[in-house]
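For reference, the structure is listed below as structure tokens.
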Amino acid sequence: MGHSAVHEGILRRQAARESAARTYARALPIVPVRARGLTIEGADGQRYLDCLSGAGTLALGHNHPVVLEAIRKVLDSGAPLHVLDLATPVKDAFTTELFHTLPRGLADRARIQFCGPAGTDAVEAALKLVRTATGRDGMLAFTGAYHGMTAGALSASGGAPDVRVARLPYPQDYRCPFGIGGADGAEIAARWTENLLDDTKSGVPRPAGMILEPVQGEGGVNPAPDGWMRRMREITAARSIPLIADEVQTGVGRTGTFWAVEHSGVVPDVMVLSKAIGGSLPLAVVIYRDDLDVWQPGAHAGTFRGNQLAMAAGAATLAYVRENGLAERAGVLGTRMLTQLRSLATEHPCIGDVRGRGLMIGVELVAPAAAPGVEPTAPGGHPAAPSGAGDPNGVLSRAQRPLPPAPELAAAVQRECLRRGLIVELGGRHSSVVRLLPPLTITDEQAAAILDRLSDAISAAARPHHG
Ligand code: PMP
């Protein structure tokens with residue numbers, strides 16, 4: 001059988017046998033067989049630059065040598081691979097390395113709970129922890145949040161209400177719910193939060209905790225302003241409400257600091273960690289201050305809390321990111337890529353907004369007013385200046401006049417990217433945000449190649465005769 005027949009056969013059987021709930025597999029009909037760093041090779045022999053990175057998991061890219069070596073070392077040592085939550089040298093080393101990286105103020109008094117291996121399980125554990133510790137019940141969560149797919153995490157994400165959640169506005173510039181964006185929009189969002197908690201008739205009793213993402217990922221790459229983060233810290237601290245930072249996606253250097261809360265200097269009471277901490281293998285933990293450690297033995301159990309290979313791969317990843325300054329590198333490279341994308345936006349009226357922090361980047365596609373869903377051939381006549389277009393009040397005017405999201409165009413851009421050997425994710429409320437989450441290890445040349453392919457894909461998808 002030829003390469004192409006193998007590839008086609010595998011995809012056909014997947015479509016016939018796997019759940020209708022499958023996700024990435026629908027938009028990305030590839031069959032990965034080999035991978036290294038940024039590159040994936042498919043069963044059809046095609047090579048792709050992978051800016052999905054396991055939904056932001058692969059801080060060091062695919063099969064980084066230090067990760068492979070760490071895994072081999074455990075295998076060769078004869079250590080047991082399944083140990084429930086027993087103590088092992090591998091776990092001890094992982095915990096030491098992780099504690100080494102934690103924000104000061106939490107590191108000295110930290111406790112760690114090893115959870116079932118998914119981010120969503122660590123979110124469940126965190127919600128349960130603060131409810132137990134405070135004796136209160138409801139939670140505060142934000143518009144656009146994503147915390148996972150199990151019942152509690154889903155409630156916090158705006159899904160089926162299993163946990164009582166009061167929904168608060170997350171600040172955004174481009175689609176600011178108050179129509180002004182910037183620091184003023186964030187301040188109004190903070191005041192609404194404060195008011196809700198202090199107004200005895202707000203209908204929101206004192207909650208057990210507040211959960212937030214320092215940069216919303218699945219919600220469309222929305223970085224929280226540092227000032228707003230500090231306001232959330234002050235508001236919760238003044239009312240003895242534990243603050244939970246969900247750093248499942250933002251952690252391990254992704255946003256330009258080791259943990260994204262470091263940008264604002266906020267020290268949360270609880271941190272939820274997964275994805276990159278397992279060095280590409282499943283691992284999730286909750287970190288919290290020792291005074292919250294009121295749990296009874298077995299309060300949050302799970303068979304798979306002792307993934308030795310993930311702990312070894314994770315410890316190697318954490319150490320490599322720390323020792324090689326990859327957070328700083330992500331910050332510098334991300335800033336440069338954002339600048340380049342903003343300059344691209346001036347040529348494409350269909351790019352409504354470019355935003356991000358470090359190597360967590362989003363390009364929001366919109367329908368320009370002239371011809372909805374179709375980009376005019378010549379730039380100009382575009383009502384909303386993209387950011388960086390030289391308008392000193394750009395943020396305000398864009399926030400006042402965001403254009404309608406263009407999910408079909410975004411899907412077309414994703415397909416055109418794939419045709420050019422570039423894997424990107426879509427996110428945001430309407431799946432209209434093209435997301436870049438490349439490994440922190442990419443070179444300048446690779447970053448340039450990513451942007452070249454994305455730029456070509458946008459041009460191709462936006463051509464009026466496309467599709
Ligand atoms: N929190 C955040 C911020 C996430 O981005 C995700 C996954 N995208 C989760 C929680 C859930 O993690 P998992 O898919 O491993 O359950």
| task | Give me the percent of DSSP beta bridges within the stretch 68-323 that run antiparallel, rounded to the nearest 5. | result | 50
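Classify the stretch 221-343: rounded, prolate or oblate, from the alpha-carbon gyration tensor (a ≥ b ≥ c, eigenvalue square roots; a/c under 1.5 rounded; otherwise prolate if a/b is larger than b/c)? List each step's numbers first, then the result.
Values: a/c = 2.54, a/b = 1.17, b/c = 2.16.
Note, shape of the stretch 221-343 comes out oblate.
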| message | Students often forget the sequence filter, so: which aspartates and glutamates lie under 18 Å Cα-Cα from LYS73 once same-chain residues fewer than 8 apart are removed? | response | ASP92, GLU97
| request: Compute the length gained on full extension between ASP184 and ARG429: take 0.36 nm times their separation in residues and subtract their Cα-Cα distance, giving the result in nm to one decimal. | output: 85.9 nm
| note | Honestly the chain on the Cα gyration tensor test (a ≥ b ≥ c root eigenvalues; a/c under 1.5 rounded, otherwise a/b vs b/c for prolate or oblate) is just oblate
| said: I'd like the distance between the alpha-carbon centres of the stretch 248-273 and the stretch 113-169, rounded to an integer number of Å. | reply: 18
| remark: 1/(1 + (r/R0)^6) with r = Cβ-Cβ of LEU81 and VAL6, R0 = 30 Å, i.e. FRET efficiency to nearest 0.05, evaluates to 0.45
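Given the chain, what percent of its DSSP beta bridges are antiparallel, to the nearest 5?
Details: 33 of 47 bridges.
Looking only at bridges with both residues in the chain, the antiparallel portion is about 70 percent.
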| How many nm is it between the label spots at ALA27 and THR339, if each spot is 7 Å from the Cα in line with the beta carbon? | 2.9
| said: Given Cβ point charges of +1 (Lys, Arg) and -1 (Asp, Glu) and nothing else, what value in debye, to the nearest 20, does the dipole of the stretch 176-243 about its Cα centre take? | reply: 240
| request: Place the peptides 25-33, 219-227 in order of packing, highest mean first, counting for every residue the other Cβ atoms within 10 Å and averaging per peptide. | output: 219-227, 25-33
| remark: Under the Karplus relation with 6.51, -1.76 and 1.60 and θ = phi - 60°, whole-Hz ³J(HN,Hα) for the stretch 209-224, x at Gly and Pro, equal x, 10, 10, 8, 9, x, 10, 5, x, 4, x, x, 6, 10, x, 6
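Roughly how many debye, to the nearest 20, is the charge dipole of the chain about its Cα centre, given +1 on each Lys and Arg Cβ, -1 on each Asp and Glu Cβ, and no other charges? The partial results should precede the final answer.
Numbers: 46 positive and 46 negative charges, 115 e Å.
The calculated dipole for the chain is roughly 560 debye.
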| the chain, accessible surface, carbon-and-sulfur percent (1.4 angstrom probe) | 53
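Might you tell me the accessible area per residue for the stretch 262-338, computed with a 1.4 Å probe and given in Å²? If you can, show how the numbers build up before the last one.
Numbers: 2690 Å² over 77 residues.
Heavy-atom accessible area per residue stands at 35 Å².
How long is the gain from GLU41 to ASP137 if the chain were fully straight, where each residue apart is worth 0.36 nm and the alpha carbon distance is subtracted?
On the way: separation 96, 0.36 × 96 = 34.56 nm, distance 4.80 nm.
Contour length minus Cα-Cα distance gives 29.8 nm.
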| message | For a Förster distance of 45 Å, can you work out the FRET efficiency between the beta-carbons of ASP92 and ARG463, rounded to the nearest 0.05? | response | 0.20
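What FRET efficiency would be calculated for the residue pair ASP444, ARG34, taking the C-beta separation as r and a Förster radius of 30 Å, to the nearest 0.05? Walk me through the numbers on the way to the answer.
Working: r = 24 Å, r/R0 = 0.81.
Calculated transfer efficiency: 0.75.
Go ahead and estimate [θ] at 222 nm for the chain from helices alone: -39,500 (n - 2.57) per DSSP H run with n ≥ 4, summed, over the residue count, rounded to 500. Walk me through the numbers before you get to the answer.
Working: 14 runs with 178 residues, N = 467.
Mean residue ellipticity, 222 nm, calculated: -12000 deg cm²/dmol.
The values are calculated or read from the model by the stated rules, or taken from the named source; none is laboratory data. Everything quoted here is computed from the prediction, not taken from an experiment. Heads up, the Cβs are rebuilt from the backbone with ideal geometry, glycines too, and the neighbour counts pull from every protein chain shown. Heavy atoms of the whole protein, side chains included, go into the accessibility calculation; ligands, DNA and RNA do not. Shrake-Rupley method; radii C 1.70, N 1.55, O 1.52, S 1.80 Å.
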